[in-house]
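Here's the structure, in structure tokens; my notes come after.
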Amino acid sequence: VAVIGPSGCGKSTLLRLLCGLEQPTSGQVNWPATADKKTPDIGVACQERRLLPWVNIQENTLLPKLMQAGSYSAEDEQRALWLCAVGGLTGFGTNGPAELSGGMRQRASFARALFSQPDLLLLDEPFGALETRSKRTMGGASVDGFFASSDNGRLPDGIGIELSGGFLHQTGTL
């Protein structure tokens with residue numbers, strides 16, 4: 001699903017509401033419950049890259065595991081390296097975010113969002129700083145996604161929803 005609309009119309013706010021980073025001022029966000037969990041596991045890549053500047057790229061990728069379990073295994077390290085490689089960051093895992101280009105930081109943020117193998121991936125302007133080749137590579141992740149963008153030319157195939165005037169309007173298939 002892709003939400004498109006002009007800057008300032010509320011796309012990022014909608015994503016923050018969906019993942020629980022913000023609470024609605026009225027109404028509520030409900031997810032279909034399953035037998036084993038109340039809400040889906042959600043990965044998020046924010047419009048602002050939000051990489052921790054004091055740790056390297058591999059450790060930024062491992063952040064979901066550190067927050068969940070307090071530590072990570074050698075297998076987790078290998079997964080982080082693999083995700084960095086998929087994102088074209090081979091050889092940059094020990095670099096800090098300040099040592100990378102904007103597109104590389106964006107790919108690192110995307111790799112971190114994929115690390116925990118979420119049920120749903122929320123991406124806010126996910127491909128803004130990426131060149132075409134990286135968009136194809138990173139955009140090929142096999143996970144259900146909810147995209148927000150002001151540029152519908154940068155979105156995957158799927159259902160399109162336009163956010164305008166605070167209301168959602170289905171625009172059909174992108």
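Brief remarks on what is shown
- Pairs where the first residue, in the stretch 4-20, is of a type in the set (A, V, I, L, M, F, W, C) and at pLDDT below 80 and the second is surrounded by 18 or more Cβ atoms within 10 Å (Cβ to Cβ) and in a loop (DSSP other than H, G, I, E, B), C-beta under 8 Å, 6+ apart: ILE4/LEU155
- Subset tally (residues that are farther than 18 Å from MET104 by Cα, under 17 Å from the mean Cα position of the chain (by Cα) and open to solvent by 50 Å² or more (accessible area, probe 1.4 Å)) for the stretch 43-66: 1
- Any hit, the stretch 42-65, residues being out of contact with any helix residue (DSSP H, G or I) (no Cβ under 8 Å at 6 or more places or on another chain), modelled with pLDDT under 90 and not in a helix (DSSP H, G or I): yes
Here is a yes/no grid of residues against (1) in a helix (DSSP H, G or I); (2) at pLDDT 90 or above; (3) open to solvent by 10 Å² or more (accessible area, probe 1.4 Å):
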| position | (1), (2), (3) |
| --- | --- |
| SER71 | no, yes, yes |
| ALA80 | yes, yes, no |
| ALA111 | yes, no, no |
| THR137 | yes, no, yes |
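- Test: VAL86 is within 28 Å of LEU14 (Cβ to Cβ), modelled with pLDDT under 85 and either among the aliphatic types (A, V, I, L, M) or in contact with a Ser or Thr (Cβ under 6 Å, 6 or more places away or on another chain) (or both): no
- Note on the stretch 89-104: among residues that are out of contact with any Leu (no Cβ under 7 Å at 6 or more places or on another chain), at pLDDT 90 or above and not in a loop (DSSP other than H, G, I, E, B), the one that is surrounded by the fewest Cβ atoms within 10 Å (Cβ to Cβ) is ALA98.
- ALA35 passes every criterion in (1) open to solvent by 30 Å² or more (accessible area, probe 1.4 Å); (2) modelled with pLDDT of 85 or more; (3) more than 19 Å from the chain's Cα centre (by Cα) apart from (2).
The values are calculated or read from the model by the stated rules, or taken from the named source; none is laboratory data. None of the values given here were measured: they were computed from a predicted structure. Positions of Cβ are generated from backbone atoms using ideal geometry, with glycine treated the same way; all protein chains shown enter the neighbour counts. SASA here: full protein model, heavy atoms, side chains in, ligands and nucleic acids out. Shrake-Rupley method; radii C 1.70, N 1.55, O 1.52, S 1.80 Å.
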